[in-house]
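The values are calculated or read from the model by the stated rules, or taken from the named source; none is laboratory data. From a predicted model like this one, the values you see are computed outputs, not experimental measurements. Neighbour counts run over all protein chains shown; Cβ positions are idealised from the backbone, glycine included.
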Amino acid sequence: MAAVAETLQNSGPAASLEDQTLLIFARLMEGGQEDEETCKDLNELTKLLNDDAEAQEKNKDHNSITALIDGDCVDTILCYLDMRQPDVVRGHATLVTSAYLRAAGENGKQKLSTFFFDRVKRGTYDDYIVAFCVAAAIFPIVPDLSAELFLNEGFLVALGPLMRRKWKSRKVETACLEMLNASCMNAACREAIQKYCVEWLEEVVDQDLDGEVRSMNADPNVHSEGGSINMRRHSEQVQHLAAVILAKLRVVPSNPSTNDPNQSRVEAAVTSIEDLSGMFTKMILRDEDHGRQHSIEGLAYSSLQPKIKETIVNNPQLLKKLVAMLKDAPPRSPSTYGLLSIFLNLTRYRPALSEEDKKMSQLKAYADAAGKLAAPDTLDDDDHVAKRCKVVFEAGLTPVLVAHSKNASPASMAITISIIHSFARTKAFRGSLAQQGVINLLLAAWTSFPEREETGRRMAAHALAQILISTNPNLVFGGNRSVPASAAIRPLASILPPDPAAERRDLLPTFEGLMALTNLASMEDEGIPRAIISNAWTQIEEQMLSSNNLVSKAAVELVCNLMQAPEGIALYADGNPQAKNRIHIMLALADAEDEGTRSAAGGALASLTGYESVAKLVLQREKGIEVILGMCTDADEGLRHRGVVTLYNMVAGDAEVCKLAREKVTKEGGVEALKDSLKLTRRPEVLEITVQTLKALLGQE
């Protein structure tokens, strides 16, 4: 403090940033401030350090303020990460630590390492608490450095005796377990915990109060040593935190030993994942906040296991409690994220596999050297997931998701979209999803996700497509709705191309996106076809030629709907070379093997051939008239109707193109084809147009 004061006295006006930094540290070192004032100082320090880091990135010769931050200053910052500090102070201290490590670089990491090992070396309960709290806090910030500290030789080995001391310090235990919990994000750290810590973690979880009491009663020196039964027991909070760590180890097992290739890939467990999830469930169902967050986190990890998923959905009381807790959870809180993760695990479908992918998966299982790689769990097949989705949906989760989405973090929004995407796979849910406000949620999510978040954007757009396929767009977007139907077009257009990140092409989003756009194009709003053409025409044309019949048919059906708008007609009727090619493609599709594709292409031709320029292109196309006559004699009456209307458009009238059409149609057997059509037709409207076309062809109009 004396050095700080002296520096301040001797500093000139040019050293304002340095002055500010030293003044903040002087106040933080002195202590005694209100929490609000401490947070304000920490916040100011964070800004100074972030600005300093940016200045260093722009100018390598910049004089960094981190040169003023010595070991005592670092000690001051890190001690505000102590679990005994208020949560709000710890939160601001975490931001300062992150900013400092960014600005100070390797020098900052060295000071952090020195602080950690000095505290551990001192070995007092107070020093252990601070060291462990710092390690837990910095793990997400600098995971590589944190893992290096954690895996330092001898460190983990010493934790066992510390945690087994006869008289317990619950704060030391809690801080230690918080550190272990955070370190589980690193594979090497998980393996080390599995090797050195599992035994005493099991002891913590499985402690027996009666056994402790008997042990103390049998100990004649117990009273002379001081303390109480509770001082020899692990607290319930500590038990639950230890259980969370064990759950992470069980769900993400360690790698097999490289020295023993025949070692089982899953370690034998004293406390099973079922036992752990049962413990978490009991804690969640109790009407108290103490330890609930650890239980939520533990259940989130446990619910990665299919058998635990089934246990949760078959417990109505638990499911109802989880929904209620999510409803009441603060936005952007760990509880919200943990609860969303549980519902994500319950509702997530496995990625779709082709038959070839399934065979390869089986071969890999057979080829596994240890023979322990089991086939996919049947409890996670599509039927089981669909049933779980039904239970969760009926528990009333959707309105809670919609409410939370308004203030959700990007990570929580991504989970929410994944859950909605799973719900939307079930047709029976789609109407209710639309009524409960999911359309606005999906549109907002697609817009808010940055383009690099391709998975979230595609999920949102695909779920939107599935809902719009099964609902009337006039009901979804009609009336006084705040969001217009046109807002859905860009998201739907985005899933027409294949996912560039996918290992194999999944055509379902493409197909359902085309169907949803077709539904929108059927609305009376004239702006919809224009917007679809503007945003998606290139992709629609590409999908018309898809090798998949369903995709091709869906694309042609969409085009058929778009031909009711001037912008659609102009694409085929403006007489340019592209229009000629488009008409040739449409004629080829009208002769496709798939009946649905032929019908859709026939509908488009029936709309387009009323324009002379299009009729000319059809006449120029080799076998163009042959294709239309084939439509007129098709076994499907709807397709015959489209064919006869197309033919009537071309032959009825006094224009030069009509005269040429009559000649060519007569030459290619059009009269006989129409007579055959009359014999097949039963519907009055089809009979009428066929007779009129025949008269026009014979010049009897």
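Summary of values
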| quantity | calculated |
| --- | --- |
| Any hit, segment 283-290, residues being assigned to a loop (DSSP other than H, G, I, E, B), modelled with pLDDT under 85 and within 29 Å of A158 (Cβ to Cβ) | no |
| Scope segment 405-457; condition under 19 Å from P473 (Cα atoms), basic (K, R) and part of a helix (DSSP H, G or I); matching residues | K427, R430 |
| Qualifying positions in segment 330-342 - crowded, with 18+ Cβ neighbours inside 10 Å and touching a residue at least 60 places away in the same chain (Cβ under 8 Å) | T336, Y337, L340, S341 |
| Filtered residues of segment 291-326 (kept if outside any helix (DSSP H, G or I) and buried (at least 22 other Cβ atoms within 10 Å of the Cβ)) | S303 |
| Single unsatisfied condition, L162 versus (1) surrounded by fewer than 20 Cβ atoms within 10 Å (Cβ to Cβ); (2) over 20 Å from L246 (Cβ atoms) | (2) |
| Count of segment 448-492 residues which are hydroxyl-bearing (S, T, Y) and either at pLDDT 95 or above or over 22 Å from A403 (Cβ atoms) (or both) | 3 |
| Test: residue in segment 681-694 that is surrounded by 14 or more Cβ atoms within 10 Å (Cβ to Cβ), in contact with a Ser or Thr (Cβ under 8 Å, 6 or more places away or on another chain) and farther than 23 Å from M586 by Cα | yes |
| Unique match (being part of a helix (DSSP H, G or I), at pLDDT 90 or above and more than 26 Å from S547 (Cα to Cα)) among L639, L647, L617 | L647 |
| Matching residues in segment 423-432 - criterion: being in contact (Cβ under 8 Å) with a residue 24 or more places away in the chain and more than 17 Å from I495 (Cα to Cα) | F423, T426, K427, F429, R430, G431, S432 |
| Members of segment 669-688 found to be modelled with pLDDT under 90 and not in a helix (DSSP H, G or I), listed by number | T681, R682, R683 |
| Single condition E297 does not satisfy, out of (1) under 18 Å from V391 (Cβ atoms); (2) modelled with pLDDT under 95 | (1) |
| Members of segment 509-529 that are under 17 Å from L442 (Cβ atoms) and either hydrophobic (A, V, I, L, M, F, W, C) or touching a Gly at 6+ places or on another chain (Cβ under 9 Å) (or both) | M515, A516, L517, L520 |
| Matching residues, segment 151-208, being at pLDDT 80 or above, over 16 Å from G298 (Cα atoms) and among the small types (G, A, S) | G154, A158, A175, A187, A188, A192 |
| Selection within segment 575-606 - under 16 Å from S546 (Cβ atoms) and either touching a Gly at 6+ places or on another chain (Cβ under 8 Å) or part of a loop (DSSP other than H, G, I, E, B) (or both) | A592, E593, D594 |
| Residues satisfying the stated conditions in segment 432-489, i.e. more than 16 Å from L520 (Cα to Cα), of a type in the set (G, A, S) and surrounded by fewer than 20 Cβ atoms within 10 Å (Cβ to Cβ) | S432, G437, A444, S448, S482 |
| Residue match in segment 513-521 (condition: surrounded by fewer than 17 Cβ atoms within 10 Å (Cβ to Cβ), in a helix (DSSP H, G or I), of a type outside the set (D, E, K, R) and in contact with a helix residue (DSSP H, G or I) (Cβ under 8 Å, 6 or more places away or on another chain)) | no |
| Y611 vs. criteria touching a Ser or Thr at 6+ places or on another chain (Cβ under 9 Å), surrounded by fewer than 24 Cβ atoms within 10 Å (Cβ to Cβ) and not charged (D, E, K, R) | no |
| Residues of segment 75-91 that turn out to be modelled with pLDDT of 90 or more and part of a helix (DSSP H, G or I), as a count | 9 |
